[in-house]
1. Under the Karplus relation 6.51 cos²θ - 1.76 cosθ + 1.60, θ = phi - 60°, what is the ordered set of whole-Hz ³J(HN,Hα) values for segment B:18-29, x standing for Gly and Pro?
2. Could you give me the radius of gyration and the Dmax of segment B:180-327, taking only the C-alpha atoms into account and expressing both in angstrom?
3. At q = 0.12, 0.13, 0.14, 0.20 Å⁻¹, what is the base-10 log of I(q)/I(0) for segment B:252-370 according to the Debye formula with one equal point scatterer per Cα and no solvent? Please give it to two decimals.
4. If each of residue A:191 and residue B:394 carries a label point 7 Å out from its Cα toward its Cβ, how far apart are those two points in nm?
5. What FRET efficiency comes out for the pair residue A:172/residue B:66, r = Cβ-Cβ distance, R0 = 45 Å, nearest 0.05?
6. Could you tell me which of rounded, prolate or oblate describes segment B:72-187, using a ≥ b ≥ c as the square roots of the eigenvalues of the alpha-carbon gyration tensor, with rounded for a/c under 1.5 and, failing that, prolate when a/b is larger than b/c and oblate otherwise?
7. Could you look at segment B:14-100 and say what percent of its accessible area is carbon and sulfur, using a 1.4 Å probe and all protein chains?
8. If you count, for every residue in B:384-397, the Cβ atoms of partner chains within 10 Å of its Cβ, what is the mean?
Amino acid sequence: MATVAVFSPRNVDRVLDFYDDTGYEFMVLGSENATLPDQVAGVIVDATTDFEQAVTLCRDIRRHRESDVVLLLLIERHQVKELALREGVIDDFAVSPFDRTELSVRLQHLLVRHGQPDEHSKIAIGPLILDTDTYQATLAGAPMDLTYMEYELLKFLASHPGKVFSRETLLSRVWGYEYYGGARTVDVHIRRLRAKLGEAYEALIQTVRSVGYKFGIPTELSSDDSP
Amino acid sequence: MREDKRRFVLHVVEERRIKFIQLWFTDVLGIPKSFQITPAELANALDEGMIFDGSAIDGFSRIQESDVIARPDPDSFTILPNQPHVARMFCDIINLDGTPFEGCPRNVLKRTLDRTHALGLTFFVSPEIEYFYLDPTTTKPLDEGSYFDLSLSDTGSEIRKETVFALEETGIAVKYSHHEDGPSQHEIDLRATDALAMADNVITARLIISRIAANAGALATFMPKPLAGVQGSGMHLHMALFDATDNIFADPGTPDGLSAQAHYFIAGLLAHAAEITAVTNQWVNSYKRLVPGYEAPADIAWAHHNRSALVRVPVAPSTREENYQVEYRAPDPACNPYLAFAVILAAGLDGLTNKLELPRETTENLFTLPDTKRDALDIIPLPSSLEEALLRMEESTLVRETLGDHVTEWFIRNKHSEWDRYNTRISQYELARYLRVL
């Protein structure tokens, strides 16, 4: 379970109380304490008493720990406008009066997203959106039911639009291990993927004769469906 | 890789609000078995599998060593059609110490596929599944249609159409489907995949075909010969072997387009046909289909165009290499596809590795060939009963090596006792024929 550091010059007990039942480990941070222990994955900074001091602390923390820690700032309503141009310093903020559930959900979201190595977790290309965090594929807004290998194959092709891959390359890059199917399995999966894309979108995966396959957005699809 | 697949399954279950996950496997006879678990149990099932009492499953453990583990294969995770909150995964059965369980049919096929893989080859199968739709109360056919018939008020064809949609939705690609020769007899041909995926597909397809029929108030049966005097239901298998890139059965340079390897493979099928028949045709009733005159093979022979032959090399509609396939016509849809694919592949591979010589093509119509001619041509019949097939299987090293001791011994014991049970029954036919005249 992740450790979360809390900085609050006046109300540290109140902040800790908000997070009473979240299950995270908490530690209290002083204002000079910008060097965080390694296990700290998130920091909650209470800016309601001294906004500038809080932001300075955030900057100091960022200087030591570039992007591998999440920062949640607690502010008053009138301080919202102060956040302009400081978006690189914090990851999220919450406005007083604080809601217990909102605070823990925000923290949880930050930590979950932070746990994923890839920050750009969505591949959006034409009508197709692949969420690489949740393995969801949506086509023109409707969810697609894919098997794991179908998903991985689609993701691989869609991540390299326009590039042609041979069956052997796809097999080694997508399957990447001993598989009973051999290179012909690629054809089987491509056929199935096209069937799932349906008539309207099957042209997203194109056969390049005697070479292999590529992902491409045909002109008739790109005009009205591009994001 | 396993970790990625685990996360994939967990995420899809979460995002698509799956409420139940069915864990499927089959017993040695190919009868599907299933656990149902909730998403809360899923992570644990993926990590550790589910322990169950194997002695409750036909052909699995003996009482004293009964616990085995069903470990789901995340590759097979699929949301089931028409039941949006239910997904399924196929399981491999493993022992408590993590080794593959020798009674698991899926493991048997995997072993043979591993051997094929070691030769640098992949085995692709495309089955033609035939079955009847019957009225569940009278067990009479729903219609009197025939081969390729197109009629507007055909209940069976309506049910079949719905079935094809459901199969496609499950990721089982259908090549084509049509009304078969018999009344209410239908055929669904699946597009080729690798043999393990296809064995899973056959199990799934049988369930989907039956379920959709039941929803429509009909009974779908894969019984090999449900109606006397009408052709039975087979499951012809079209097969090809691929090396890294090509179908090794194709050789455009030869007169028939077939390579030497294809000839060896066919020779292997013919050499072992009698031994493997108990597995490809495992029921007493299977042998009522394998009789002359009903489009089913009764003799061990091969030909290009001859539909009475056991092994047929269909005419390739174009020169695309995937069309060069060898068709094995004995199996019926009530076989255990894992075991059937394993023994058929083993027979073909034996021909391939030992370069067995291909006998002469049989161009004669075997159904009408007189016995004297048959003897002159040296044509041997397939086993004509389950008992005969079992005797041939018992002599076979190939079958024992392929299925392993555990499955072989259980299978032979189980099938002998089935034959004995059948043999001690007095049939309606006997009563009608003999009671009054003898």
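The values are calculated or read from the model by the stated rules, or taken from the named source; none is laboratory data. Here the structure is a predicted model, which means the values were calculated and not measured. FYI the Cβ positions are ideal-geometry reconstructions off the backbone, even for glycines, and counts take in every protein chain you see. Accessible surface areas use protein heavy atoms only, side chains included; no ligands, DNA or RNA. Shrake-Rupley method; radii C 1.70, N 1.55, O 1.52, S 1.80 Å.
1. Working through the residues one at a time gives 5, 9, 9, 10, 8, 9, 9, 7, 10, 7, 5, 8 Hz.
2. In Å, with Rg to one decimal and Dmax whole: 16.8, 53.
3. Evaluating at q = 0.12, 0.13, 0.14, 0.20 Å⁻¹ gives log10 I(q)/I(0) of -0.43, -0.51, -0.59, -1.16.
4. My value for the distance between the label points is 4.2 nm.
5. The formula returns an efficiency of 0.60 here.
6. Here segment B:72-187 falls in the prolate category.
7. Carbon with sulfur: 49 percent of the solvent-accessible area.
8. Across B:384-397, the average partner-chain Cβ count within 10 Å equals 0.
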